[in-house]
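Inspection log for the structure reproduced underneath, given as structure tokens.
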Amino acid sequence: MPFQPNEGTWGAVLNGCRREGNLGLATKVTDRLIELQPERAAGHLALLSNMYADVGQWEQTQMVRERVAALNAEKPAGTSWVNQNQSIMVVP
């Protein structure tokens, strides 16, 4: 690869893993994302947990959720941007 992948690149790969159902690669990508963005670990792990749940791998789902709990991490709340009367509002 002619460049070092950043968080955005790894995030795109993780999204592709979810779309294609590649849990093995998703686990490795999640670990890499956590190295690069430890403050977002809970969000990355939540996605991985959901991927396991989607295919009924409940033991793996539980293990990932326990990993989140062990980090004492919380997934940050999402926000949306809304255009109302030509002004942008951020809605939690």
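Considering only residues of segment 51-90 that are in a loop (DSSP other than H, G, I, E, B) and modelled with pLDDT of 90 or more, which is surrounded by the fewest Cβ atoms within 10 Å (Cβ to Cβ)? It comes out as G56.
How many residues, within segment 11-21, are among the aliphatic types (A, V, I, L, M) and touching a residue at least 24 places away in the same chain (Cβ under 8 Å)?
1
Within segment 36-50, restricting attention to residues that are within 15 Å of N72 (Cα to Cα) and touching a Ser or Thr at 6+ places or on another chain (Cβ under 7 Å), the residue that is surrounded by the fewest Cβ atoms within 10 Å (Cβ to Cβ) is L45. Mind checking whether some residue in segment 5-16 is modelled with pLDDT under 90, in contact with a Gly (Cβ under 6 Å, 6 or more places away or on another chain) and not in a helix (DSSP H, G or I)? No, segment 5-16 has no match at all. For V29, the conditions (1) at pLDDT below 90; (2) crowded, with 16+ Cβ neighbours inside 10 Å all hold with the exception of (1). Please name all residue pairs, on different chains or six or more residues apart, with Cβ atoms under 6 Å, provided the first residue is in segment 22-43 and is over 13 Å from R67 (Cβ atoms) and of a type in the set (K, R) and the second residue is surrounded by 16 or more Cβ atoms within 10 Å (Cβ to Cβ) and at pLDDT 90 or above. Taking only residues 6 or more apart or on different chains, the pairs are R32/W10.
The values are calculated or read from the model by the stated rules, or taken from the named source; none is laboratory data. Worth saying up front: this structure is predicted, and the values here are computed from it rather than measured. Using ideal geometry, Cβ is built from the backbone for each residue, glycine included, and neighbour counts are taken over all protein chains shown.
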